[in-house]
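Trainee: Sharing a structure, written as structure tokens. Questions coming.
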Amino acid sequence: MKINEFIQQFYERRPNDDRYDVATDEMIATYEQTIGFRLPVSFVEFLKKFSNGVFLLDCEPIGGVNKDSPNYIRKVNRIIPDIPDEVLIVETNELIESNRLISFTMFDAGDHSNNHWVFICEDNGPNHEYRVGFVSQIEPRIVKVLDNFEEWLTIFWKHNGEEVDRTYPVFYILIPSYDERMETLYDWFD
């Protein structure tokens, strides 16, 4: 789902929801310089056209580039201070340097934990459309990977876009069973 399509559908289906402050080019450029990575073009578009940090449908706390906000994107070691120098991506059995992980959600609202989604900032790919991964806080590793932010947003919106009694974080949508989520997050769970 393209960002413009999401925004259009969001305000068509939820016309009474508040409008959010958006980011400027200057704010984004300054922040990219601070973190040392370019943000994905799709995420930049989200920040500029929809929100510069939002608790999306009271379910996914997406960060912005305003350092005065409690929800701003940051390197993963600011959320999980004792993260090792390299983190295992479980699905592909590869290691990634933890300083290449940029958190775009701030915590897991479903479990009230520091499990969260990150950009896996690699040097390849057009428009810096990095893979995104879900980081477990207890055993710092990436337990689920999606192709990019637009795929993440598509999954979120397809499940939560209609007026529903309850919204679900993307990780819950991908792995609906509590026991399966715990097994995915923690080696020791059975």
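The values are calculated or read from the model by the stated rules, or taken from the named source; none is laboratory data. Remember, predicted model here, so these are calculated numbers, not experimental data. Backbone-built Cβ (ideal geometry, glycine too); neighbour counts: all protein chains shown. These accessible areas exclude ligands, DNA and RNA; they are computed on the full protein's heavy atoms, side chains included. Shrake-Rupley method; radii C 1.70, N 1.55, O 1.52, S 1.80 Å.
Trainee: In whole percent, how big is the carbon plus sulfur part of the accessible area of the chain, probe 1.4 Å, protein atoms only?
Mentor: Carbon and sulfur together cover 44 percent of it.
Trainee: Excluding Leu57 itself, what net charge comes from residues whose Cβ is under 9 Å from its Cβ, given Lys and Arg +1 and Asp and Glu -1?
Mentor: -2
Trainee: For the stretch 1-138, what does the relative contact order come out to in percent, with C-alpha contacts under 8 Å and a separation of six or more?
Mentor: Computed value for the stretch 1-138: 18 percent relative contact order.
Trainee: Calculate, for the chain, the solvent-accessible area per residue in square angstrom, rolling a 1.4 angstrom probe over the heavy atoms of the protein chains.
Mentor: Roughly 50 Å² per residue, with all protein chains present.
Trainee: All other residues with a Cβ under 9 Å from the Cβ of Glu122 taken together, and with Lys, Arg as +1 and Asp, Glu as -1, what is their net charge?
Mentor: Taking every Cβ under 9 Å from that of Glu122, the sum is +1.
Trainee: Oh, and also: Please say if the stretch 124-190 is rounded, prolate or oblate, where rounded means a/c under 1.5 for a ≥ b ≥ c the square roots of the C-alpha gyration tensor eigenvalues, and otherwise the choice is prolate for a/b larger than b/c and oblate otherwise?
Mentor: Verdict is oblate for the stretch 124-190.
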